[in-house]
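Single-structure report; data block below.
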Ligand code: 5AD
């Protein structure tokens, strides 16, 4: 794991999060990059992101899809539209599709199960779900239908901050951490993560977030900067209500790269994407920055153009080339220009593969 990886504890993390010396930071990037190369290799896995609905019943204070944003036109793709995107991704050589939505009860247990079965039988692609907090029965049914992975960020390990930003809803008995444990027990490859620079998020709690990634033994870790959305209660700008909060986490590229690098050191064989939020902050070089400090996954957007603009979780999310072939060509150029290659196949998380084979040995 390298000298830095073995010694990452809370105070080391805080020191790195405060670090400004470019020479010392270069050492952090080099260590994370070396751990990435050793544990998950040089291949960058591409995931086809399809944002299948922007309906949402929740009121999360940070998110542009929140139910309270009542001027946002809502859409829900048909099964046919979704399948067209998936088949296109398959034809273009991608091995995984990610179905993402707001929390949309209109996408019922049966509807999602039949989408999954169709994707599996017609394309054989790995299916990742990112559908928010759903019931144990739904999660179990979708796993039985063939879903491989589930993404659910815990957003922040600071319970008071989480509760403030994320009003609880009746009918949601489990918290996100227990849902993550359930997903693992159901046999999913499990991903989680946090936002960086939420108003009143402290460096101490961000360090706790990083240690929690290791404790939860995550297979996938996604982190991105918080970007204020004007139509939300946090729409007043980065860290706007956080003035005077000591140790406020900056919502910037440097801090995001530090968190990617530290996550790589703590969880050497997890899959870690260069997230869209980082690309929204730095469209020209965000992907290269993340790939250079520990990331090994990129998620190009396969959502149809008219819907993409409406999936406005934060400003700048849908920016970038609209035409998917051109976008992929551009991505390939960018990835190869930093000496990396595009991965083939499903690109399962090596962390998941080794824990699944361990479970098999114990079970059988
Ligand atoms: N800025 C950055 N990321 C956001 N997300 C939601 N709102 C924002 C925002 N304003 C992230 C959350 C969520 C994921 C789908 O998008 O982490 O889990």
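The values are calculated or read from the model by the stated rules, or taken from the named source; none is laboratory data. Model, not experiment: these values are computed from the prediction. In this analysis, Cβ positions are derived from the backbone assuming ideal geometry, glycine residues included, and neighbour counts consider all displayed protein chains.
With 242, 290 as the choices, which residue is modelled with pLDDT of 95 or more and closer than 21 Å to residue 62 by Cβ?
None of the others qualify; the one that does is 290.
Might you let me know whether segment 312-322 holds any residue that is touching a strand residue (DSSP E or B) at 6+ places or on another chain (Cβ under 8 Å) and assigned to a loop (DSSP other than H, G, I, E, B)?
Yes.
Out of 115, 129, 139, I need the residue that is over 29 Å from residue 342 (Cα atoms), crowded, with 18+ Cβ neighbours inside 10 Å and touching a helix residue (DSSP H, G or I) at 6+ places or on another chain (Cβ under 7 Å). Which one?
Answer to the check: 139.
Give all pairs with beta carbons closer than 6 Å in which a residue from segment 253-276 that is free of Cβ contacts under 8 Å to residues at least 40 places away in the same chain meets a residue that is not in a strand (DSSP E or B); count only pairs at least 6 apart in sequence or on separate chains.
253/281; 253/282; 274/287; 274/290; 274/291; 274/295
Is it true that some residue in segment 310-327 is modelled with pLDDT under 95, crowded, with 19+ Cβ neighbours inside 10 Å and away from the ligand (no atom under 16 Å from the Cβ)?
For segment 310-327, residues modelled with pLDDT under 95, crowded, with 19+ Cβ neighbours inside 10 Å and away from the ligand (no atom under 16 Å from the Cβ): present.
Filter segment 35-61 down to residues that are touching a helix residue (DSSP H, G or I) at 6+ places or on another chain (Cβ under 6 Å) and not in a helix (DSSP H, G or I), then give me how many there are.
5
Look through 71, 118 and report the one residue that is more than 19 Å from the chain's Cα centre (by Cα), away from the ligand (no atom under 16 Å from the Cβ), more than 28 Å from residue 249 (Cβ to Cβ) and in contact (Cβ under 8 Å) with a residue 60 or more places away in the chain.
71
If I filter segment 149-158 for residues that are in contact with a helix residue (DSSP H, G or I) (Cβ under 8 Å, 6 or more places away or on another chain), crowded, with 18+ Cβ neighbours inside 10 Å and more than 21 Å from residue 100 (Cα to Cα), do I get at least one hit?
Yes; the residues of segment 149-158 include at least one that is in contact with a helix residue (DSSP H, G or I) (Cβ under 8 Å, 6 or more places away or on another chain), crowded, with 18+ Cβ neighbours inside 10 Å and more than 21 Å from residue 100 (Cα to Cα).
Taking the condition of being away from the ligand (no atom under 11 Å from the Cβ), in contact (Cβ under 8 Å) with a residue 60 or more places away in the chain and touching a strand residue (DSSP E or B) at 6+ places or on another chain (Cβ under 8 Å), how many residues in segment 53-68 meet it?
Residues meeting the conditions: 1.
Kindly establish whether residue 340 is touching a helix residue (DSSP H, G or I) at 6+ places or on another chain (Cβ under 7 Å) and more than 30 Å from residue 73 (Cβ to Cβ).
Criteria met by residue 340.
Are any residues in segment 98-112 away from the ligand (no atom under 16 Å from the Cβ) and crowded, with 22+ Cβ neighbours inside 10 Å, and if so, which ones?
The answer is 112, and nothing else.
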